[in-house]
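Right, one structure below, let's go through it.
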Amino acid sequence: MRLGVIAALSQELGPTLTAIQTSTRVVDRLQIHDSPSLTFAVGGVGSRPAAAAALLVADQVKPDALLSVGFCGALTDDLDTGDLVLGGSSQHPATESLLTLLLEAAPKARRGSVVTVARVFVNADEKRTLAKHSKALVVDMEADAVALAAEKRGLGFAAVKVVIDTPAAPLASTYTSVWSVLKDMILKPGSVMGMVYDSKRVTIAADRLKEFFLALKDRLPYH
């Protein structure tokens, strides 16, 4: 079995790619990192780059399934930074046999869905409203796009998301651009310490993904 792993940010896969030996190639300006049973790619933030990366990996690598992997925001207060959530998106269920395999690699992970949105949510009330309407545990910006790509190519799908922020402890910024970060720093001086805290949360979450993929690769037969 081979799985195509689509992330949005290089920070999400950094520790994983350090821990797992891969060979790297560039196809249509996308770096693809191959190991015997896992192929990793960082497509970018949002649905369009995620879909493009997912389709490229599907066509070039011919995996059995695609995983939408990366950081997410918790929609409920019973999740914390570093918690792993495995499942489908609110619009596309996970392939059940694949989800079973993932849960075996991470038996302490939460099973639940992710809702995909077009912007970063930092407001607690917005998050709780989104949770009520979607019934999802977490929010991201890419899972639905990867799920659609998998569906188009007749592949399995699942989301592997790790929590960064929670309603009670939101991000200090939306981090949508350098200018948005600078604006937050100027208008909300207290956000600087929050950004330092966010960087620590990113490290925790990325290490959690590394632990997950190290456990998963030992359960995957070579392609």
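The values are calculated or read from the model by the stated rules, or taken from the named source; none is laboratory data. Here the structure is a predicted model, which is why all the values come from computation and not from measurement. Please note: Cβ atoms are built from the backbone with ideal geometry, for glycine as well, and neighbour counts cover all protein chains shown.
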task: Mind listing whichever residues of the range 15-47 are without any contact (Cβ under 8 Å) to a residue 40 or more places away in the chain, assigned to a strand (DSSP E or B) and not hydroxyl-bearing (Ser, Thr, Tyr)?
output: Arg25, Val26, Val27, Leu30, Gln31, Ile32, His33, Asp34, Phe40, Ala41, Val42
message: Is it the case, given these coordinates, that Ala50 is closer than 17 Å to Phe157 by Cα, of a type outside the set (S, T, N, Q) and touching a Leu at 6+ places or on another chain (Cβ under 8 Å)?
response: no
- request: Filter the range 146-165 for residues that are in contact with a helix residue (DSSP H, G or I) (Cβ under 8 Å, 6 or more places away or on another chain) and either within 24 Å of Asp207 (Cβ to Cβ) or surrounded by 24 or more Cβ atoms within 10 Å (Cβ to Cβ) (or both) and give the result.
  value: Val146, Ala149, Ala150, Phe157, Ala158, Ala159, Val160, Lys161, Val162, Val163, Ile164, Asp165
task: For the range 55-70, enumerate the residues that are crowded, with 24+ Cβ neighbours inside 10 Å, touching a helix residue (DSSP H, G or I) at 6+ places or on another chain (Cβ under 8 Å) and either on the phi < 0 side of the Ramachandran plot or assigned to a helix (DSSP H, G or I) (or both).
output: Leu66, Leu67, Ser68, Val69
task: Scan the range 204-221 and report the pairs whose first residue is over 11 Å from Lys161 (Cα atoms) and surrounded by 17 or more Cβ atoms within 10 Å (Cβ to Cβ) and whose second residue is among the acidic types (Asp, Glu) and modelled with pLDDT of 95 or more, with Cβ atoms within less than 9 Å and a gap of 6+ or a chain change.
output: Leu216/Glu104
